[in-house]
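Read the structure below first, then the notes.
No value in this document is a laboratory result; all are computed from the given coordinates. Fair warning: this is a prediction, and the values are worked out from it, not measured in the lab. Cβ atoms come from the backbone with ideal geometry, glycine included; neighbour counts cover every protein chain shown.
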Amino acid sequence: MSAAIWGLPWPKVVSWAFSSPSSVRIRFGSFTFSGTRPETDFSAKDANSLCKGARRAISNRPDIDTLRDQGALFLVFEPGRCPRSDQVEQAIEGTAKVSVSNRPVNESADGYAWLELLIEGLTFDLKGLDQPISVKATKFQHSIGISLPEVDDAYQALILLPGPHLAGGQSQLPIFRAHMALGANIGALLPGLRAFGWLESETLISGDRFAELIDQWLQGGALPVPGLIALRNTMDGGLQSVGLSFFTGQELRIEPEQWIDPDNARRQAVRLIQQLVLSGKLETTEQIIGPDGNPLRLEPSSNEKFVRVWRD
């Protein structure tokens, strides 16, 4: 038996079905929750009661499409391979750099919905532990050390986000460095990790390669570009960054008529991106000497969303 129920306070539309004589499954959108079937006839009131618990769970399951600019680092696994909260705690137990600093009050049958993790005096939330987040491969357009699927496969993922007290500061380099260091640390401890997904640059990076890139950066190297910031060719023949706006509010655009050698254009773009991450938003036109020794003009676009680069 199944039915659709309209008019509930939240969510507005719920489908439900008896999955066994003693249990009922409630479904809305991409979420499914199970509960004990009452002895009396199952009704909209019963469904609404279950939905109250679902609503609390959903509050800890962020919408992927709203996570841009929030600093969401995806720990990506093949379906069925995501660890539970107790497995994460066991993996990091005894590590010197990372500790569990908080847990939600209530634990579900599948464990805690999230864990607060502490590194370098800063806290980050690891979410999706009770019900992993479904992530489509199409969310990522670039890859390092891993092949992008040719079909729209779905992975499962945990999401590592800056804690509420860091809201608004996720792109500040000290916080961002701790964030990436935490991801690399716990990723190395979790068996079955397929890749890291950095939504800001739409890039999937294999676990080993991510750890290597972050370690090199933390040891004094340059910010990983490509990687945490990607490059893509534009339809008019130009070159544009993907993810620089997370740090500066602007993307870099190499104007097409300025560059005959594509490889040189990419090298210039990488070095300019690394410079802009440190210097911040460009508000006025600047004349600089480029990495290859030639003069360049950097100019904010009229909508201030791009830094346009021209040869002088």
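For GLY290, nonlocal amide neighbours, meaning residues 5 or more places apart or on other chains whose placed amide H falls under 5 Å from its own, are LEU296. Contact order for region 230-311, expressed relative to its length and based on alpha carbon pairs under 8 Å spaced 6+ residues apart, stands at 27 percent. With K and R counted +1 and D and E -1, the other residues having a Cβ less than 12 Å from that of VAL100 yield a net charge of -4.
Applied to region 298-312, the Karplus parametrisation 6.51 cos²θ - 1.76 cosθ + 1.60 on θ = phi - 60° returns per-residue 3J(HN,Hα) values of 9, 9, x, 5, 4, 8, 6, 8, 9, 9, 8, 10, 10, 7, 8 Hz, with x for Gly and Pro.
If we sort 270-278, 230-238 on the protection proxy, mean other Cβ atoms within 10 Å, highest first, what's the order?
270-278, 230-238
Both radii were evaluated on the Cα set of region 185-269; the Rg over Rh quotient, with Rh as the Kirkwood radius, amounts to 1.05. With θ taken as phi - 60° and the Karplus curve 6.51 cos²θ - 1.76 cosθ + 1.60 applied, the whole-hertz 3J(HN,Hα) list for region 166-182 is 9, 4, x, x, 5, 9, 5, 4, x, 5, 5, 4, 5, 4, 5, 5, 5 Hz, x standing for glycine and proline. Near PHE306, the amide H atoms lying under 5 Å from its own belong to GLU251, SER301; only residues 5 or more places off or on other chains count, and H is placed 1.01 Å from N. Peptide packing: for 161-167, 174-180, the average count of neighbouring Cβ atoms within 10 Å per residue gives the ranking 174-180, 161-167, highest mean first. Here's how it looks for SER143: its modeled amide H is under 5 Å from those of LEU204, which are all 5 or more places away or on a different chain. The order of the peptides 293-303, 191-201 by mean Cβ neighbours within 10 Å, most packed first, is 191-201, 293-303. The string of couplings for region 196-211 from the Karplus curve (6.51, -1.76, 1.60, θ = phi - 60°) is 9, x, 10, 5, 4, 9, 6, 10, 9, 10, 4, x, 5, 5, 4, 4 Hz, one whole number per residue in order, with x for Gly and Pro. For region 64-218, the average shadow cast by the Cα convex hull is 8.8 nm², which is a quarter of the hull's surface.
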